[in-house]
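Q: Structure incoming, see below.
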Amino acid sequence: MQAEVEVDVENDSVAVAPAVAQAMTDGAKPRFITFEGIDGAGKSTHIEAVAAWVKARGVEVVVTREPGGTPMGESLRELLLAEAMHLETETLLMFAARREHVAQVIAPALARGAWVISDRFTDATFAYQGGGRGVPREKIEALADWVHPGLTPDLTLLFDLPREVAAGRMASSRELDRFEIELTDFHERVRAEYLRLAQAEPARFRVIDANLAPELISKELEKIISSL
C-alpha cells in the first residue's frame, strides 16, 4: 500500500511501518486520500461527508489540510497566504510545513491504521508553484523525495472546473487570499498542471466534474470511496 509509512522524528526519517503491517493483518486498511483542485472548485464542501462515510465503517479518520495541519504549519499557512515572497521561498515554506505535517499528523495516523483525508498535499505544489509560478518540476520532485520519501496518496480526488466558474463562486464568499486573487492565466496554468498529473497517474487520480450539482458529486464520491 502506498500509504504504509511511519515517521521517526528524532532520526528525521520516514519508513515502512511495522504497525501498519500489523493493522493490515488485523483487517484494518489505512488509506491516504487527498482532495485537490483550483481555488473555488468546491472540494472542501465534500470532505466532511467523505469522512463521515469512512467513520461509518468503524474506521478512525483524521481530517487535515495543507498548508497547515499542525501549529507550525498553520503559522506558515498564514504567512504563505498573506505575504508576497520569492517563488522559491514560497515552495520551500510549503515543504517545511509539509514535513512537519507528515511527521506529526499523517505518518503517525497511518501507522496506527487510521484513514487520513487531506485538503491538498504535494500535487498542489506541483500545480501552484510548478504550473502556476513556474518552479521547475525537477526541484519540486527533489523536495518531495526528501520530505516524504515513499509516501504517496492512495487516492486523489481532483475537483475540476473552469476558472471563470470558480471565480464566480468565490466572488462574494469571503476576503480572498493572495493565491485566489491571481489573474486568470495563473489559475489556468494551475488547472492544466493538475490535469497533466491526473493523466500521468490515472490509477491514483479520480477527476470529478465540479460543475455537477452537489448531490450528484456526493453520489460519485460515495461510489469511489465504497470501492476502496
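The values are calculated or read from the model by the stated rules, or taken from the named source; none is laboratory data. On a predicted model such as this, the values are computed, not experimentally measured, just so you know. Every residue, glycine as well, gets a Cβ built from its backbone with ideal geometry; the counts of neighbours run over all protein chains shown.
Q: Could you please give the count of residues in the stretch 183-212 that are over 18 Å from F35 (Cβ atoms) and small (G, A, S)?
A: 2
Q: For A144, only one of the following conditions fails: (1) farther than 21 Å from H187 by Cα; (2) buried (at least 20 other Cβ atoms within 10 Å of the Cβ); (3) among the aliphatic types (A, V, I, L, M). What is its number?
A: Condition not satisfied by A144: (2).
Q: Restricting attention to the stretch 25-45, which residues are within 22 Å of A198 (Cα to Cα) and at pLDDT below 90?
A: Of everything in the stretch 25-45, those that are within 22 Å of A198 (Cα to Cα) and at pLDDT below 90 turn out to be I38, D39, G40, A41, G42, K43, S44, T45.
Q: Condition check: of a type in the set (D, E, K, R), crowded, with 16+ Cβ neighbours inside 10 Å and modelled with pLDDT under 80. Does E100 satisfy that?
A: No; evaluated as a whole, the condition is false for this residue.
Q: Please tell me if L228 is at pLDDT 95 or above, in contact with a strand residue (DSSP E or B) (Cβ under 8 Å, 6 or more places away or on another chain) and either in a loop (DSSP other than H, G, I, E, B) or of a type in the set (A, V, I, L, M) (or both).
A: No: the conditions fail for L228.
Q: Looking only at the stretch 44-95, filter to residues that are of a type in the set (S, T, N, Q) and within 22 Å of A210 (Cα to Cα); which one of those is surrounded by the most Cβ atoms within 10 Å (Cβ to Cβ)?
A: The selected residue is T64.
Q: Restricting to the stretch 121-133, name every residue that is out of contact with any Ser or Thr (no Cβ under 7 Å at 6 or more places or on another chain) and closer than 16 Å to G69 by Cα.
A: T122, A124
Okay, residues lined up against (1) modelled with pLDDT of 95 or more; (2) within 13 Å of the chain's Cα centre (by Cα):
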site: H86; (1), (2): yes, no
site: T122; (1), (2): yes, yes
site: D154; (1), (2): yes, yes
site: R163; (1), (2): no, no
site: M170; (1), (2): no, no
site: S173; (1), (2): no, no
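Q: Still on this structure, please answer the following. Mind checking which pairs have a first residue in the stretch 106-129 that is over 18 Å from A144 (Cα atoms) and a second that is among the polar types (S, T, N, Q), Cβ under 9 Å, 6 or more apart or different chains?
A: Note: pairs meeting the criteria are A109/T64; G113/Q22; V116/T34; V116/T64; I117/T34; I117/T64.
Q: Right, next: For D145, indicate whether it is more than 14 Å from the chain's Cα centre (by Cα) and either free of Cβ contacts under 8 Å to residues at least 12 places away in the same chain or within 17 Å of F32 (Cα to Cα) (or both).
A: In short, yes.
Q: Could you list all residues from the stretch 25-84 that are more than 30 Å from L183 (Cβ to Cβ), acidic (D, E) and either in contact with a Cys (Cβ under 6 Å, 6 or more places away or on another chain) or assigned to a loop (DSSP other than H, G, I, E, B) (or both)?
A: D26, E60 - these are the residues of the stretch 25-84 that are more than 30 Å from L183 (Cβ to Cβ), acidic (D, E) and either in contact with a Cys (Cβ under 6 Å, 6 or more places away or on another chain) or assigned to a loop (DSSP other than H, G, I, E, B) (or both).
Q: Can you confirm whether the stretch 128-137 contains a residue that is outside any loop (DSSP other than H, G, I, E, B), in contact with a strand residue (DSSP E or B) (Cβ under 9 Å, 6 or more places away or on another chain) and surrounded by fewer than 23 Cβ atoms within 10 Å (Cβ to Cβ)?
A: No - not one qualifying residue is present in the stretch 128-137.
Q: Report, by residue number, each residue of the stretch 195-215 that is modelled with pLDDT of 95 or more, assigned to a helix (DSSP H, G or I) and out of contact with any strand residue (DSSP E or B) (no Cβ under 6 Å at 6 or more places or on another chain).
A: L195, R196, L197, Q199, A200
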